[in-house]
1. Tally up the residues in the stretch 68-99 that are touching a Ser or Thr at 6+ places or on another chain (Cβ under 7 Å), assigned to a helix (DSSP H, G or I) and more than 14 Å from Ile131 (Cβ to Cβ), please.
2. In the stretch 196-266, which helices (runs of 4 or more DSSP H) lie fully inside it and hold 2 or more residues that are under 30 Å from Ala22 (Cβ atoms) and at pLDDT below 75?
3. Take Ile245 and decide whether it is more than 24 Å from the chain's Cα centre (by Cα) and touching a residue at least 60 places away in the same chain (Cβ under 8 Å).
4. What are the residues in the stretch 69-107 that are within 22 Å of Gly206 (Cβ to Cβ) and surrounded by fewer than 20 Cβ atoms within 10 Å (Cβ to Cβ), if any?
5. With Ala295, Ala319 as the choices, which residue is part of a helix (DSSP H, G or I) and at pLDDT below 90?
6. Would you mind telling me which numbered condition in (1) surrounded by 15 or more Cβ atoms within 10 Å (Cβ to Cβ); (2) in a helix (DSSP H, G or I); (3) at pLDDT below 70 Thr193 fails?
7. What helices (runs of 4 or more DSSP H) lie completely within the stretch 348-445 and have 2 or more residues being at pLDDT 90 or above?
8. Inspect the stretch 320-329 for any residue being on the phi < 0 side of the Ramachandran plot, surrounded by 24 or more Cβ atoms within 10 Å (Cβ to Cβ) and under 16 Å from the mean Cα position of the chain (by Cα) and give the result as yes or no.
Amino acid sequence: MDQLSSTNSTSVTQIKPRLSLAQIFFMSFGFLGIQFGFALQNGNTSRILRSFGANIEELPMFWIVAPLVGMIVQPLIGHYSDKTWNRLGRRKPYFLAGALLSSAALIFLPNSGAVSSIVPALWIGAGMVMIMDASFNIAMEPFRALVADNLPDTQRTSGFAIQTFLIGVGAVVGSELPSLLAKWGFSQEAGATGVANNIRYSFYIGAAVFIGAIFVTVFKTKEYAPDDYEKFHGKNETSKNEGLIQIVKDFNKMPKTMLQLGLVQFFSWFALFSMWVFTTDAVATHVYGLTGDYAQSIAYNDAGNKVSSAFGIYNLVAAGYALCIPLVAKYLGRRGTHAFSLVAGGVGLISIYFIKDPAMLTYSMIGVGLAWASILAMPYVILSGSIPGGKLGIYMGIFNFFITLPQIINGIFGGWVVKHLYNGQPIYAIVLAGFFMLCAAVAVLFVNDEGAVRIHSEKLKQ
């Protein structure tokens, strides 16, 4: 790819040159690997922890570590990536480091049981979940900023849509991999490590895909050099050494649009957290009818494989829908597109309650796929139009608060609610998640989309 370059103008309001489809594709390709890893984590972490001895009501507390780490890591990575420039670039050093750490964590997590004679496997596994998610966040946050760095406003919807498409492709394969390996003869019975071979080898493959996809972006994408970057985004006068102090200052000055989107994100990610944590056990008990101590059974692994495959379906739908989002947004607008998609997700989650045949789970996931594609794209499209250019990294990181906070709250109270209010029936957590998606759909209609207004003004001038 050719080095990105500016024109002769030095105006900070200069419009960035448009990128080709190939440039956008390679710039976002690393997200395929990131989401491959996320899919393995989301679809299999609960059953890995259950195989290590965790109870259903304890699962949210183990999962809560991940968003807590993300809440700390993402703003810091965003802040420092705004100030970084070296031989690799501005954002690339961070997601390369994150890829190396993530791959190591993916290899170690399913083997946590191997050191159970020293430390309980459950605690080692929970610690690896924390390290894995921290590493995922190091790799992921700069990618959001990279798209906003390099694309003009008029291409950002398409840019985030292509990114979401690649996310979907990675997630589909990652979600389906355990089932595919089981069909190809890999054992589904827990071995000496406490984790079935089809799961362990899925994580090994995931580690290789993760680092490989990141390398594609690192070697095929150029970033704007500091002087060129300032022509399009303005100069950021804050010092790199201000660290946490500057993060607090920026947090207090966050754009109004970000606050409004924060409510949308709260409802959306509360719902997603419940889906990832409880769907396997909800399907195992409510659809398969399992009771008692079933976590080590082959039937539970069958239910887990079905859920992992179903997650692959929603990611497949998301990948296809992502390519349609720019067209849908043309007619419904950005806010209308997100609202429509979230309604579909809410209906999909609620419908799981009425399923009797596991095969029907596929149809529920269609609605979830529409919501997932939009959640990965539209909030960032809307947000990027309201952020000062020199603050893209830090504000993308701060925006993560509205993703991690609902997960933390859900993690603290979700298990208690399932055990005491839902009488140990996790299916009701999935129903509540559906209603929260519907609440997010209503909330997004009240968001001020500054970027859409600016694009409309530019078109009128033309």
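The values are calculated or read from the model by the stated rules, or taken from the named source; none is laboratory data. Quantities reported herein were computed from a predicted structural model and do not represent experimental measurements. When we count neighbours, we look across all protein chains shown, and the Cβ atoms used for this are built from the backbone with ideal geometry, even at glycine.
1. Residues in the stretch 68-99 being touching a Ser or Thr at 6+ places or on another chain (Cβ under 7 Å), assigned to a helix (DSSP H, G or I) and more than 14 Å from Ile131 (Cβ to Cβ): 3 in total.
2. Details: elements: 197-220, 226-233, 243-252.
Helices (runs of 4 or more DSSP H) meeting the threshold: 226-233.
3. Numbers: more than 24 Å from the chain's Cα centre (by Cα): yes; touching a residue at least 60 places away in the same chain (Cβ under 8 Å): no.
In short, no.
4. Ala97, Leu100, Leu101, Ala104, Ile107
5. Details: Ala295 fails: part of a helix (DSSP H, G or I).
The match here is Ala319.
6. Among (1) surrounded by 15 or more Cβ atoms within 10 Å (Cβ to Cβ); (2) in a helix (DSSP H, G or I); (3) at pLDDT below 70, Thr193 violates only (2).
7. Numbers: elements: 361-384, 392-399, 401-416, 427-444.
Filter on the stretch 348-445 gives 361-384, 401-416, 427-444.
8. From the stretch 320-329, those on the phi < 0 side of the Ramachandran plot are 320-329; that's our starting set.
Adding the requirement that they be surrounded by 24 or more Cβ atoms within 10 Å (Cβ to Cβ) leaves 321-322, 325.
Within this subset, residues satisfying the condition of being under 16 Å from the mean Cα position of the chain (by Cα) are 322.
Yes.
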